[in-house]
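These notes are about the structure you will find just below.
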Ligand SMILES: [Fe+2]
């Protein structure tokens, strides 16, 4: 079991920055794209994606796999995902450990699963089928959550570990989501970091959120706060050279602001995070 | 307590989000600091907000015409009637024009449905499949005796022609330019609009004279050039038809509406 080579420091690709990226070739090691934005036949999104793919390594990040749903896997979606992957050759493909709807509906939200044996078995079987179909190991990301199910028997990290172990998939750790969920569910975020099997962590997400005092909501629409930075520092201590990126989904600032945030990550992690040669 | 399957849990939460069913409350735990209502409320609010925002992204002019409150009410009613079944949220609003045309009170303002339909067509043109426009030279090389059988293939971004009864496009332009609002007005005559995307990735739209609209509609359906010319007699003197029809082709080339020659048999 090995990880993909690290890509270093990256950013989420957003349409607001297409022109600036192509005009200025910013010093960013790689970009993460939101897969669904490019599952369209043509036009501007695909046009810019093709040009950026010529210059930067890309990874594909999806929100619609619904790996935990009790509906059948959406074969048509998988087919589209695979066609996009064939075209842009991403270094890896990720989605979330969650469900997004049943009975054919998509609620377009990343809904948490109960942490049970039943859910583990269900997700593991589906991850293996998806990996088989895509011909590669995928990454699953921890989501921010606001509810806990009475039926849960495990901690979130035990649940994530068990799935990645049994399905032989990799982990995308969203540091901000750990912080948010820790606040909402009264657990120690450091226990989460300690609990996750380090050798499966392929990527970090860093993002901002909204703190309401008694709880926090993951909005991915603001700057990264100090306690998330310090959690990031601990994550780097523990996991080493894990590709790091800043994920801003809303309230998109100028590229320069995100580059400054990425500089902050560099100040914290330094050379411990760096691109590795393919097959290296 | 009876054991609940993963399916039961998902059914209960989805029912809560889509129609407010409260059974899910028995399946989750809260704390005094962060009670169950607040926890569930975050998901319900996020669900509605996210989908209404996606609708607003697709229909900015409908949003402007209705105002924030009016649009939120429309969004909530639409979401209840047409919850998303799409992987990509981009398609969520696909029934809005139809919904506006049928559902009171919005159906009493027919301009709204026409605006929604126009905005949806713009979106359709925006990310339709790419195609290289036909070069003038290719058309010029067709020998005169074979022109009669000419059939064209149009750019995949060319939307079905839209027939407008209102000054929808003028309103849309004013809203887009954030200039002073102009009053909605019924048009003296129906206007037909072509909406497509040119090779430079720009979304384009143009109103068509009645004979050109008919000719484009026919050729888009695969009718051959000579039949279209014959039909133009409804609007034009027979003597002027060849020049008029050649003018259409010239304009469609300029517009980058033609993707290919389908056949000249
Ligand atoms: Fe994330």
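Expressed as a fraction of 2.2 N^0.38 Å, the rule-of-thumb size for a compact globular protein of N residues, what is the C-alpha radius of gyration of segment B:1-95?
Rg over 2.2 N^0.38 Å, computed on Cα atoms: 1.28.
Averaged over peptide B:79-91, how many Cβ atoms belonging to another chain are found within 10 Å of each residue's Cβ?
Mean partner-chain Cβ count within 10 Å for B:79-91: 5.
In the P(r) worked out for segment B:109-265, what percent of Cα pairs fall beyond 25 Å?
Everything past 25 Å amounts to 35 percent.
Once both axes come from the Cα atoms, what is the angle between helix B:36-58 and the longest principal axis of chain B, in degrees from 0 to 90, rounded to 10?
With both axes taken from Cα atoms, the answer is about 10 degrees.
I'd like the mean, over residues of B:37-45, of how many other protein chain beta carbons sit within 10 Å of each residue's own Cβ.
3
With every atom except the alpha carbons ignored, what do you get for Rg and Dmax of segment A:82-210, in angstroms?
14.6, 44
Could you work out how far the C-alpha centroid of segment B:118-170 sits from that of segment A:104-145, in angstrom?
Measuring centre to centre over Cα atoms gives 43 Å.
If packing is taken as the average count of other Cβ atoms within 10 Å, what order do A:60-72, B:35-47 fall into, highest mean first?
A:60-72, B:35-47
Between residue B:246 and residue B:135, what is the spin-label point distance in nm, taking each point 7 Å from the Cα along the Cα→C-beta axis?
That separation, rounded to one decimal, is 2.2 nm.
So if I take the centroid of the Cα atoms in segment B:14-88 and the same for segment B:201-219, what is the distance between those two points in Å?
A separation of 39 Å, based on Cα centres.
Could you run the Debye sum over the Cα atoms of segment A:1-111, one equal point scatterer each and no solvent, and tell me log10 of I(q)/I(0) at q = 0.13, 0.18 Å⁻¹, two decimals?
Ignoring solvent entirely, the Cα scatterers give -0.54, -0.96.
What is the ratio of the Cα radius of gyration of segment A:75-132 to 2.2 N^0.38 Å, with N the residue count, to two decimals?
1.28
What is the ratio of the Cα radius of gyration of segment A:146-266 to 2.2 N^0.38 Å, where N is its residue count, to two decimals?
Normalised by 2.2 N^0.38 Å, the Cα Rg of segment A:146-266 equals 1.07.
On the principal axes of its Cα set, how long, how wide and how thick is segment B:200-254? Give whole Å, largest value first.
The Cα atoms of segment B:200-254 stretch 38, 20, 17 Å along their principal axes.
Just to be sure I understand the model, the point goes 7 Å from the Cα along the line to the Cβ. What's the resulting residue A:197 to residue A:225 distance in nm?
Reported label-point gap for residue A:197 and residue A:225 is 3.2 nm.
Hey, fewest Cβ within 10 Å first, where do B:29, A:59, B:62 land in order?
B:29, A:59, B:62
Could you calculate, for the protein assembly as shown, the ratio of the Cα radius of gyration to the Kirkwood radius, expressed as Rg to Rh?
Rg divided by Rh gives 1.03.
Rounded to whole Å and ordered largest first, report the semi-axes of the equivalent ellipsoid of segment B:49-145 derived from its Cα gyration tensor (root of 5λ).
36, 16, 11
Please order B:157, B:179 by the number of other Cβ within 10 Å, starting at the fewest.
Ascending number of Cβ neighbours within 10 Å: B:179, B:157.
In whole Å, what are the Cα extents of chain B along the three principal axes, biggest one first?
85, 43, 30
Across 10 Å bins from the origin, how do the percents of Cα pairs in segment A:199-260 run, short distances first?
Result, from short to long distances: 19, 48, 30, 3 percent.
Please work out the Cα center distance from segment A:219-280 to segment A:20-75, rounded to the nearest Å.
Here the answer is 19 Å between Cα centres.
Take every residue in peptide B:126-135, count the Cβ atoms of other chains within 10 Å of its Cβ, and give the average of those counts.
Going residue by residue through B:126-135 and averaging, the value is 3.
For the pair residue B:73/residue B:98, report the inter-label distance in nm, with labels modelled 7 Å from Cα in the Cβ direction.
It is 2.5 nm.
No solvent, one uniform scatterer per C-alpha: report log10 I(q)/I(0) for chain A via the Debye equation at q = 0.12, 0.13 1/Å, two decimals.
Values, matching the q order: -0.72, -0.86.
Counting DSSP beta bridges in the protein assembly as shown, what percent are antiparallel, to the nearest 5?
45
Please check: in the Gaussian network model of chain A (C-alpha springs, under 10 Å), which one of A:143, A:130, A:201 has the largest mean-square fluctuation.
Result: A:130 has the largest fluctuation of those listed.
Each value in this text was obtained by applying a stated rule to the coordinates, not by laboratory testing. Not measured: the values here are computed from a predicted model. Methodologically, a virtual Cβ is constructed for each residue, glycine included, from the backbone with ideal geometry; neighbour enumeration extends over all protein chains shown.
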